[in-house]
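The values are calculated or read from the model by the stated rules, or taken from the named source; none is laboratory data. These numbers were taken from a predicted model, which means no experiment stands behind them. Cβ coordinates were reconstructed from backbone atoms using ideal geometry, including for glycine residues, and neighbour counts include every protein chain displayed. Ligands, DNA and RNA are excluded from the accessible area calculation, which covers all protein heavy atoms including side chains. Shrake-Rupley method; radii C 1.70, N 1.55, O 1.52, S 1.80 Å.
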Amino acid sequence: MELNDANLQTLTEFLRKTLDPDPAVRRPAEKFLESVEGSQNYPILLLTLLEKSQDNVIRVCAAVTFKNYIKRNWRIVEDEPNKISEPDRTAIKANIVNLMLSSPEQIQKQLSDAISIIGREDFPQKWPDLLTEMVTRFQSGDFHIINGVLRTAHSLFKRYRHEFKSNELWLEIKLVLETFAQPLTALFKTTIELCQTHSTDVNALKVLFSSLTLISKLFYSLNFQDLPEFFEDNMETWMTNFHNLLTLDNKLLQTDDEEEAGLLELLKSQICDNAALYAQKYDEEFQPYLPQFVTAIWNLLVTTGQEVKYDLLVSNAIQFLASVCERPHYKHLFEDQSTLTSICEKVIVPNMEFRSADEEAFEDNSEEYIRRDLEGSDIDTRRRAACDLVRGLCKFFEGPVTGIFSGYVNSMLQEYAKNPRVNWKHKDAAIYLVTSLASKAQTQKHGITQANELVNLTEFFVNHILTDLKSPNINEFPVLKADAIKYVMIFRSQLPKEQLLQAVPLLVAHLQAESTVEHTYAAHALERLFTMRGANTSTLITPVEMAPFTEQLLTNLFKALALPGSSENEYIMKAIMRSFSLLQEVIVPYIPTLIGQLTHKLLLVSKSLCLSIRITCKANPTTVSSFEEALFPVFTEILQNDVQEFVPYVFQVMSLLLEIHSNSIPGSYMALFPHLLQPVLWERTGNIPPLVRLLQAYLEKGGATIATAAADKIPGLLGVFQKLIASKANDHQGFYLLNSIIEHMPPFPGIHQPVLCEVSGQVEKKICAVGITKVLTECPAMMDTEYTKLWTPLLQALIGLFELPEDDSIPDDEHFIDIEDTPGYQTAFSQLAFAGKKEHDPIGEAVSNPKILLAQSLHKLSTACPGRVPSMLSTSLNSEALQFLQGYLQAASVQLV
């Protein structure tokens, strides 16, 4: 694409159409942009538009499109064409920093993200001057530019917080520190001085405090891996100023918004994080500063309100105390009984209360509430921080802490008993406090695995949890019901089996609760209980024990999917799948009733669908046609409309159905076969594993039929194989397909000569070894035609297959393949549980040791052609391979003649 006004105008029109709500207008525009993004100058045209367009909407759209283009295409993938030309790459890196710093904030953020994406790939080796170019802008005095630099640096450096240590990482951080640490420190001091100069100018303070927050984030990233010498030498500067900022209370920066944190809260939150990092990792160096930070953060906690806007600040402040109290160095700060009591009364209990904001989330934003409470994304909540502080205190003071908190728990429960309707939040806090106190170690798979022995969990269950579960009105006090269900779920490994069995029918009943959180927790609790192991590796809860509740369980699970807000509830779907897996043949009588609901929720309950197919067809294989009648209309609609996110699941379920058939392919499947070879299907990464498996099923059930009725499609089938083995990520899939072609189809003329060095896996190696051995020793053409010159190289390659280590390298680009890194939207392949396929060894026990087979076959060949084989070996085979071959011959007790 030329850089001219006509192309800029064309691009503008198509960008505008991508914003149109009408799919008939939007989709063709998106397809057009996708078709031209491989053209040279395309990214330069986007940058030109976002710089010079008079329409701000188009400028922002161009910026977002450019960032997504960079995200998809900048990484260079091995064995694939470079998607961005070198001149475009050079031009982008030469101009993007200037452009980012001179753009409005909305565009600046997009370009900053693009720089960080490019930086992850190219910095520092291919973009050595990036940091120097950015640091020089600190001298500009323009905080719009300075904040752009800081924001970009934060995007670049925040990965240091989670990268594994390596020499390459250390060298990069060393380079960054040499270039960036001193200017950052100077900017930090200058910005604080400017805050004092402009202490009465609210607009200036907002910009300056944004800078200080970004500087504090950069401090955290640059100090995370290890304590750099520069920051150790300048600790006085940083910690003194951090402490001053922590105790600062500027009325101009206080906000009336009760929900959203202001600049002051965000800065103080980050400083608490920084102090916690130093207290945890560099406690010896940080020790002189610790007491003043403990005092400042304690004062912060006891003077900060309950408003939501303070949540991050309070949780980070509590996390600081939690990180300090579990360090042996600081144990003395918490030993006094009055200190522990004060922490409990003034920090822990107030921050465990169920606030009105929590109640709103429970009722109106259940998905977010569940994500935080069940999935552990509550890292920045007050309750989670208070819970971590309890655990930290229990490390050294378990007895005193348990005694203090037990008093609070009893007091809360007494308040609840006086007037449950008014005081139910007291019981909620009591349950949460008991959970925090009792939990010493926890896993997702088993719940609490180690509990505080001073807390009687069984007694608390009987006296306070069971009463809520048994309440006849499942919709009364839904928060307490959810608490009770969660108690069973997380302490399932600590409670006796008889109590879990007592809870099961109660949990089944709660599947019908109106509250989304309540019925979701019930589903999740059942799913977790059904995965528990009993004696002899069987499930703790058996199908026999579930028999009285089976019908109600299945009915309520499917009814729960019809409840408002739960039509796509993943916890209910997992519970359905786990119930099918536990009950096995017991569900067969219910399948005719359930199949309609399963089909309606096809992709949402696809694992359960696969399991029901397996269980039902195992009992009666003829029922496969009933599933096909119900499912094929849905499959057809998905494939015709190319619903990309569902297509891989369709292929997996079809594979499972076809594999159940006897040795023939129904006509409905044969009609689909040519469409499965279309190149567009194989361009999507997520389609490849299920498509290969589906083609294997076709070949297994009707290789001869394909060879006769669809002979014109064989070149396409071989083309798929060639495409797959050309990719390191998919070559193993190519060999799976080749195995099935060789095993199930009539022989093709010619010789298959696979790239043996890339073959991996025991079965794959065995198949190739046996095949090559037969070619070498049983194919007359290899001895007396133009193919003879290939005989020794092929033998040497076979010995290499036996002896050389596997090529198990995984290119970075393919190891990190992601939806965002593939052209357009692509569903990554997700293996459906219960749709799995056992690895097939077509040779089986016929050949136990391929090396012995090679030795015996060479002996047989040399007997038929005396003198010929030793002569070929001595003249052409290298000495190392010859030595290995002698070992095979000795092991087989044969020799060559």
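Structure values in brief
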read-out	value
Local electrostatic count, Leu853, Cβ distance below 15 Å [Lys/Arg +1, Asp/Glu -1]	+2
Alpha carbon centroid spacing (whole Å) that separates segment 354-417 from segment 465-484	18 Å
Above-threshold pairs, the threshold being 29 Å between Cα atoms, out of Lys281/Lys427; Lys309/Lys331; Lys71/Lys486; Lys71/Lys158; Lys17/Lys217; Lys618/Lys723	Lys281/Lys427; Lys309/Lys331; Lys71/Lys486; Lys17/Lys217; Lys618/Lys723
Coarse-grained scattering of the chain at q = 0.04, 0.07, 0.10 Å⁻¹, given as base-10 log I(q)/I(0) from a Debye sum over alpha-carbon atoms	-0.27, -0.82, -1.36
Surface per residue (accessible, 1.4 Å probe) for the chain, Å²	46 Å²
Equivalent ellipsoid semi-axes, segment 25-130, via Cα gyration tensor eigenvalues times 5, rooted, Å	21, 19, 11
Shape metrics for segment 96-207, restricted to C-alpha atoms - Rg then Dmax, Å	15.0, 48
Using alpha-carbon coordinates, inclination of helix 56-73 to the longest axis of the chain, degrees	50 degrees
Degrees between helix 86-101 axis and first principal axis of the chain (Cα, 0 to 90, nearest 10)	10 degrees
At most 13 other Cβ within 10 Å, DSSP loop - GluC sites (Glu not before Pro), segment 522-591	Glu568
Sites Gln644 and Val57, calculated FRET efficiency, Cβ-Cβ separation with R0 35 Å, nearest 0.05	0.80
Solvent-accessible area, 1.4 Å probe, carbon plus sulfur percent, for the chain	52 percent
Two-decimal log10 I(q)/I(0) for segment 449-575, as the Debye equation yields it once each C-alpha is a single scatterer, q = 0.10, 0.11 Å⁻¹	-0.30, -0.36
With Cα atoms, 0 to 90° folded angle of helix 420-438 axis to the chain main axis	60 degrees
Calculated FRET efficiency for the pair Phe549/Arg327, C-beta based, R₀ 51 Å, to 0.05	0.55
Calculated on alpha-carbon atoms, Rg and Dmax of segment 348-429 in Å	14.3, 40
Summed side-chain charge close to Tyr289 - residues other than Tyr289 whose Cβ falls under 11 Å, Lys, Arg +1, Asp, Glu -1	-3
Inter-centroid distance (Cα atoms) of segment 495-512 relative to segment 92-113, Å	57 Å
